[in-house]
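First comes the structure, then the notes that go with it.
The values are calculated or read from the model by the stated rules, or taken from the named source; none is laboratory data. Here the structure is a predicted model, which is why all the values come from computation and not from measurement. We place every Cβ from the backbone using ideal geometry, glycine too, and count neighbours over all the protein chains shown.
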Amino acid sequence: MSDKPKATILAKVIGAVATVAAAWLAQKVISSVWKARTGHKPPTVEDTGDSRLPEIVIAAALTGAFVAISRVLATRGAARVVARIEDED
């Protein structure tokens, strides 16, 4: 029996965990930096409407870009880890 399916499942699990962790960390970093710079948390979907449109757009753009970049880097890092694991076998 081949180890290829096991390696593929391992790659998916490592990639998914790394991606979720990177997105969560990116959200925390953005929230911390935003609060340090503005004195309040970034606007979210649950807000009652007290944020102005430019602030909402800036928060969404920064969060989206930072999360996307962190997910790409996490996915690439996970691929490297899986490649090392597969090379050891």
### Query
If you check Ser70 against the conditions, is it of a type outside the set (Phe, Trp, Tyr), surrounded by 15 or more Cβ atoms within 10 Å (Cβ to Cβ), out of contact with any Leu (no Cβ under 9 Å at 6 or more places or on another chain) and modelled with pLDDT of 90 or more?
no
### Query
Would the stretch 39-56 turn up any residue that is closer than 30 Å to Val82 by Cβ and modelled with pLDDT of 90 or more?
no
### Message
Being part of a helix (DSSP H, G or I), of a type in the set (Val, Ile, Thr) and under 30 Å from Ile9 (Cβ atoms) narrows it down to one residue among Val29, Val67, Val57, Val33; which is it?
### Response
Val67
## Note on the structure
Those residues of the stretch 51-67 that are surrounded by 12 or more Cβ atoms within 10 Å (Cβ to Cβ) and of a type in the set (D, E, K, R) come to a total of 1
### Message
What are the pairs with Cβ atoms under 9 angstrom where one residue, in the stretch 64-81, is of a type in the set (A, V, I, L, M) and the other, located anywhere, is surrounded by fewer than 12 Cβ atoms within 10 Å (Cβ to Cβ)? Sequence gap at least six, or different chains.
### Response
none
### Message
Given (1) among the hydroxyl-bearing types (Ser, Thr, Tyr); (2) in a helix (DSSP H, G or I); (3) surrounded by fewer than 14 Cβ atoms within 10 Å (Cβ to Cβ), identify the lone condition not met by Thr48.
### Response
(2)
